[in-house]
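The next block holds one structure in the form of structure tokens; read it before the comments.
The values are calculated or read from the model by the stated rules, or taken from the named source; none is laboratory data. Quick caveat, the model's predicted, so the values are computed rather than measured. Here the Cβ positions follow ideal geometry from the backbone for every residue, glycine too, while neighbour counts run over all protein chains shown.
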Ligand SMILES: Cc1ncc(COP(=O)(O)O)c(C=O)c1O
């Protein structure tokens, strides 16, 4: 059976070059980077090289990069680390209503411990209005956290503008760049961010490794207490093979990023246009152009996202109904609800996220298969029949 993977926002394949780079660090080069002998120092040198690569792709300094276990940890670290280190200055944090759970949940955690959180609304296309950020700031605001691009709908937020406001008001600014790092150009100075989260498995690297950029001078509480690793900010023996794989993935992404976006944008638009031409009662979620080059999110009326997903899977097509974490839950996506979609429409959502190796024939295959699935499912929907007859 033909197999088409269109769920790259959930995770990407691990690049064979990444695996090749990692292998020696499971065998000959197994040393603990904290050891002073040659085995240890080989590991230490390898992770420092990766630190430089990540810093260079962000326009940052190597000492501003802290390795973590992934995007979730980076976000937890950013929010809790900044909150606890700055609570003497204030207790107010501003975020958006469409953040990933890895930001929303730490915010809820902090809320229970006395911090006050403002969840800013977004417009119909998922954009945060920088003016809203400005108006919400109080003299107790210590942190702003707005994601770079949304993982469900692909909308790219006005981070540089929000960053300017944060800088002017001297408030720390964090962005979750898990969906953009290695895909779109990022410069921490141009975006005016103090904290930025990234994760390797979204850019063809291994799972379970990520990093947090922390601008020099940012007051942050340590996340893990133990040894001296990561300048005592995140103790625990470094995951050397994964970090080395992350470095290789970053190196490859640096060389391919521009051409990949150029290739994916027309494929994305072909898929959107094709769905609209072939299926009636469809709504695109997210902004039409201020959007990740690989993201298509549509709500198809009178059908359940889960049913479409299972039917697509039987035809060899992997997609998603929202974020990977929520696709096993029956709650409608908080992101789609924030855009103003009804719970019914939110339930009929499908997300296709293209990747480096997606071909035009993959898109053609989806456009051949999806309309048939929708027709079949709608033929079983009493609501659809009522609509047609009425
Ligand atoms: C925007 C965003 N933030 C954070 C995460 C969590 O990253 P990780 O899986 O590396 O913990 C994800 C993963 O889906 C994401 O899309």
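Brief remarks follow.
- Residue match in the range 37-49 (condition: within 16 Å of the ligand (Cβ to nearest atom) and more than 13 Å from residue 213 (Cα to Cα)): no
- Single unsatisfied condition, residue 292 versus (1) crowded, with 16+ Cβ neighbours inside 10 Å; (2) more than 24 Å from residue 11 (Cα to Cα): (2)
- Residue within the range 163-174 that is part of a helix (DSSP H, G or I), within 14 Å of the ligand (Cβ to nearest atom) and either more than 18 Å from the chain's Cα centre (by Cα) or surrounded by fewer than 18 Cβ atoms within 10 Å (Cβ to Cβ) (or both) present: no
- In the range 176-219, the qualifying residues are those that are surrounded by fewer than 18 Cβ atoms within 10 Å (Cβ to Cβ) and within 11 Å of the ligand (Cβ to nearest atom), and the one that is farthest from residue 353 (Cα to Cα) is 208.
- Odd one out for residue 109 among (1) within 16 Å of the ligand (Cβ to nearest atom); (2) more than 30 Å from residue 319 (Cα to Cα); (3) part of a loop (DSSP other than H, G, I, E, B): (3)
- Residue count for the range 42-77 satisfying the condition of being touching a strand residue (DSSP E or B) at 6+ places or on another chain (Cβ under 8 Å) and either part of a loop (DSSP other than H, G, I, E, B) or surrounded by fewer than 18 Cβ atoms within 10 Å (Cβ to Cβ) (or both): 3.
- Among the residues of the range 4-32, the ones that are touching a strand residue (DSSP E or B) at 6+ places or on another chain (Cβ under 7 Å) and not in a loop (DSSP other than H, G, I, E, B) come to 3 in all.
- Remark: pairs (first residue in the range 335-350, at positive phi; second residue modelled with pLDDT of 95 or more; Cβ separation under 7 Å; 6+ apart in sequence or on different chains) = 340/124.
- Qualifying positions in the range 78-106 - assigned to a helix (DSSP H, G or I), under 19 Å from residue 214 (Cβ atoms) and either modelled with pLDDT under 95 or within 13 Å of the ligand (Cβ to nearest atom) (or both): 78, 79, 102, 103, 106
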